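Contents: one structure, followed by commentary.
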Amino acid sequence: MIIDRPVIAGIPAPQGPYVPVVCAGGFLFLSGQGPIDPATNEFRLGTVQEQTRLVIENLQTVLSSCGASLADVVKCSVFIADANDFVAMNSVYAEYFGSSKPARTTVATMLVVSGMKVEIDCIACIPR
């Protein structure tokens with residue numbers, strides 16, 4: 001059974017033709033979250049650390065709406081605009097994931113919004 005959640009309170013509205021999360025096969029597939037302030041639905045373009053913090057907090061809100069947490073995440077894909085920001089992004093990422101480290105891929109690439117430094121998507125197990 002596939003369940004999608006097109007609207008979730010407390011996270012930014014999707015910026016395109018996608019939903020924030022799809023539940024399928026015992027997993028939650030979260031769409032990439034960018035540094036969008038859920039209160040204003042606008043990008044908050046600060047340092048990579050500030051953006052990473054906001055992105056992970058947005059992911060936490062999506063997970064929480066499904067009864068899950070960062071501890072349930074099994075895979076993350078991290079996209080950064082500048083490979084030189086890896087260490088700074090990684091330090092904030094480590095604060096949130098602590099000892100529950102998911103598998104991860106990190107790619108330096110051009111992001112769709114000028115000034116956007118990080119986007120993260122993830123896959124989590126649905127808690128039983």
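The values are calculated or read from the model by the stated rules, or taken from the named source; none is laboratory data. Bear in mind the structure is a predicted one, so any value in this text is a computation, not a measurement. Note: ideal-geometry Cβ built from the backbone for every residue, glycine included; neighbour counts use all protein chains shown.
A few notes on this one:
- Some residue of region 83-90 being within 17 Å of Leu30 (Cβ to Cβ) and in contact with a strand residue (DSSP E or B) (Cβ under 9 Å, 6 or more places away or on another chain): no
- Number of the exception - Leu45 against (1) in contact with a Gly (Cβ under 6 Å, 6 or more places away or on another chain); (2) of a type in the set (A, V, I, L, M, F, W, C); (3) assigned to a helix (DSSP H, G or I): (3)
- Candidates are the residues of region 81-97 that are among the small types (Gly, Ala, Ser) and surrounded by 15 or more Cβ atoms within 10 Å (Cβ to Cβ); the one that is nearest to Thr47 (Cα to Cα) is Ala88.
- Scope region 112-126; condition at pLDDT 95 or above, of a type in the set (A, V, I, L, M, F, W, C) and part of a loop (DSSP other than H, G, I, E, B); matching residues: Met116
- Options Thr40, Thr61, Thr52: the member that is of a type outside the set (Asp, Glu), in a loop (DSSP other than H, G, I, E, B) and either loosely packed, with under 14 Cβ neighbours inside 10 Å or under 12 Å from the mean Cα position of the chain (by Cα) (or both): Thr40
- Ala24 meets each of the listed conditions (1) surrounded by fewer than 20 Cβ atoms within 10 Å (Cβ to Cβ); (2) more than 22 Å from Gly67 (Cβ to Cβ); (3) of a type outside the set (S, T, N, Q) apart from (2).
- The residue of region 1-21 that is modelled with the highest pLDDT, among those that are surrounded by fewer than 19 Cβ atoms within 10 Å (Cβ to Cβ) and either assigned to a strand (DSSP E or B) or polar (S, T, N, Q) (or both), is Gln15.
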